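I have a structure here, written as structure tokens, and I will follow up with some questions on it.
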Amino acid sequence: MTQTGFIASLMIALVLLNTQSSSALLRAGASSRIITPQSSAYLAGLRNNRLSQGVHDDLFARCLILDDGQTRVGFVSTDLIGLTSSAIAEIRNRATLIGSSAENVIITSTHQHSGPDTIGLWGESESHSGVDPDYTDFLYNQIASAIKDASENLELAEISFGASQIEESDRVSRNVREPDLIDRELGVIKVDRTNGETIATMVNFTAHPEIMWSDSLLLTAEYPGVVYRECDEKIGGITLFINGALGGMITTNNQFNTFEEVERIGGIVAQKAVEAAESAEKQVNPKIQHSFKTLEIPLENQQFQALMNLGILPKEMPVNGNIHTEVHLIEIGNAQIATFPGEVLPKLGFRIKNSMTTDYNFILGLANDELGYILATEDYSKELYEYEKSMSIGSQIGSITTNALLDLLGK
Ligand SMILES: [Zn+2]
């Protein structure tokens with residue numbers, strides 16, 4: 001070999017080496033664990049004293065972990081009404097105890113209203129917490145184990161993003177406060193093995209799962225349960241469901257409070273998710289970027305304060321009159337994913353989505369916290385939102401969370 005030839009091959013070798021180290025190899029893992037209570041539970045939402053009398057279908061904690069060699073993030077969806085930051089902290093502790101980490105994992109609740117009380121508001125009466133400590137112990141262990149399972153299953157993966165619209169005429173979702181203010185987009189994040197088999201699909205759509213009403217006493221994952229069943233079968237892998245900007249008041253557009261309606265609405269959401277997954281855009285050498293902010297928000301709601309003092313709501317929430325919470329921004333390839341610590345109203349969801357610069361935009365609600373409704377400052381005192389105000393920590397949560405996310409987005 002001539003000296004020029006040697007230098008040329010050395011340069012090619014260096015270029016190859018450089019390409020390999022700079023093109024991060026994405027790895028992913030997914031898992032699913034059942035979190036259905038094994039005995040009767042007070043059902044959360046709608047009214048007090050709904051003691052469950054059986055199981056219609058199982059509740060799940062489903063986890064997807066993504067790792068590009070530099071940054072690891074994860075998502076968990078749980079079939080629960082909500083998990084506050086104190087629950088998230090304890091789940092993180094337990095993940096650490098079993099040799100895993102939940103530090104960069106976004107733990108969300110679908111906000112369904114036919115699952116166990118995990119907050120405390122729906123016990124036998126308003127002055128009795130509906131939380132069962134034995135169930136809580138089981139639940140936190142199952143979620144921590146789901147995170148460990150997925151983290152230990154990492155394999156080479158490809159990621160794609162897709163979207164579709166669910167129109168008003170499909171009668172799936174509606175805004176009962178301001179009918180035209182509603183996010184009808186369904187987004188998917190699909191992760192495949194290099195042989196094309198699906199590892200997991202995360203479905204992001206917006207509507208309270210509350211088709212089964214206050215007289216129903218069966219545990220059910222509700223319409224997200226239909227989405228898991230249908231998408232697991234038609235797409236393969238493990239399906240997650242994460243709700244969006246569902247506050248004030250995005251609910252399902254059902255005619256009856258029946259399991260037929262749960263099947264109809266869940267079936268349409270699943271079908272649209274399958275379509276979005278089929279046309280999803282594959283990302284080339286995607287990098288993961290993760291940023292977050294911890295926030296202090298004044299607790300103005302005296303009723304919440306009184307319930308905390310009684311031990312009905314988690315007591316450790318306020319510190320010096322402020323509640324500590326967090327928002328996250330995850331960027332992967334052509335997607336931006338923002339999280340809110342509660343039930344954000346669609347106006348604020350749109351404010352963030354419209355500030356994103358990627359083609360695929362996701363708002364994850366009830367993420368790493370459930371602080372009730374997150375209203376825009378200008379809507380907080382409107383009579384239209386009297387109910388949401390009563391279930392919100394105060395007038396500043398909307399502006400503080402939204403401004404923090406705009407900051408993370410560089411706006
Ligand atoms: Zn709600």
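Once each part is reduced to its C-alpha centroid, what is the distance from segment 40-66 to segment 158-176 in angstrom?
Using only Cα atoms to place each centre, the spacing works out to 24 Å.
Among V105, V76, V131, which comes first, then next, by fewest other beta-carbon atoms within 10 Å?
V131, V105, V76
Next question. Under a point spin-label approximation (7 Å from Cα along Cα-to-Cβ), what is the S86-S127 distance to one decimal in nm?
2.0
Assuming R0 = 51 Å, can you tell me the calculated FRET efficiency for the pair E278 and L310, based on Cβ-Cβ distance, to the nearest 0.05?
Details: r = 51 Å, r/R0 = 1.00.
Here the calculated transfer efficiency is 0.50.
Report, to one decimal in Å, the Kirkwood hydrodynamic radius for the chain based on all distinct Cα pairs.
21.7
With the cut-off at 1.5 for a/c, could you classify segment 242-367 from its C-alpha gyration tensor as rounded, prolate or oblate?
Judged from the Cα gyration tensor, segment 242-367 comes out oblate (a/c at least 1.5, b/c at or above a/b).
Within the chain, how many lysine pairs that are 8 or more places apart, or on different chains, have C-alpha atoms less than 23 Å apart?
So the count works out to 23.
Starting from the Cα-Cα distance between D407 and L46, subtract it from 0.36 nm times their residue separation and give me the gain in nm to one decimal.
Result: 126.4 nm gained on full extension.
Within a 10 angstrom radius of the beta carbon, how do S390, S114 rank from fewest other beta carbons to most?
Ranking S390, S114 by Cβ neighbours within 10 Å, fewest first, gives S390, S114.
If you don't mind, there's one more thing I want to ask. Of all trypsin sites (Lys or Arg not before Pro) in segment 43-84, which ones are in loop regions per DSSP and have a Cβ with at most 13 other Cβ atoms within 10 Å?
Counting only loop positions with at most 13 other Cβ atoms within 10 Å, the trypsin sites (Lys or Arg not before Pro) in segment 43-84 are R47.
Do the sum for the chain: with -39,500 (n - 2.57) for every DSSP H run of n ≥ 4, divided by all residues, what is the mean residue ellipticity at 222 nm, to the nearest 500 deg cm²/dmol?
Here the helix-only value at 222 nm equals -9000 deg cm²/dmol.
Continuing with the same structure: If you restrict to DSSP beta bridges whose two residues both lie in segment 288-408, what percentage is antiparallel, to the nearest 5?
The antiparallel fraction comes to roughly 70 percent.
What distance in nm lies between label points placed 7 Å from Cα along the C-beta direction at L97 and T358?
About 3.4 nm, to one decimal.
Same structure again: Of the residues I143, I400, I182, which exhibits the maximal mean-square fluctuation in a Gaussian network model of the chain defined by a 10 Å Cα contact cut-off?
Fluctuation is largest for I400.
Something else: If amide H atoms are built 1.01 Å from N in the plane of the peptide, which residues on other chains or at least 5 residues away come under 5 Å of the amide H of L186?
Result for L186 returns S164, Q165, I166.
Taking H placed 1.01 Å from N in the peptide plane, check which residues at least 5 places from A102 or on another chain put their amide H under 5 Å from its amide H.
The list, which skips near neighbours in sequence, is T96.
So what J values fall out for segment 373-390 if you push phi through Karplus, 6.51 cos²θ - 1.76 cosθ + 1.60 with θ = phi - 60°, rounded to Hz, Gly and Pro as x?
These are the phi-based 3J(HN,Hα) values: 6, 10, 9, 5, 3, 6, 9, 4, 9, 6, 4, 4, 10, 4, 5, 4, 4, 5 Hz.
Bear in mind that the values in this text are calculations on the coordinates, not laboratory data. Note that the structure is predicted; figures quoted are calculated from it, not measured. Don't worry about glycine lacking a Cβ; one is built from the backbone with ideal geometry, like all the others, and counts go over all protein chains shown.
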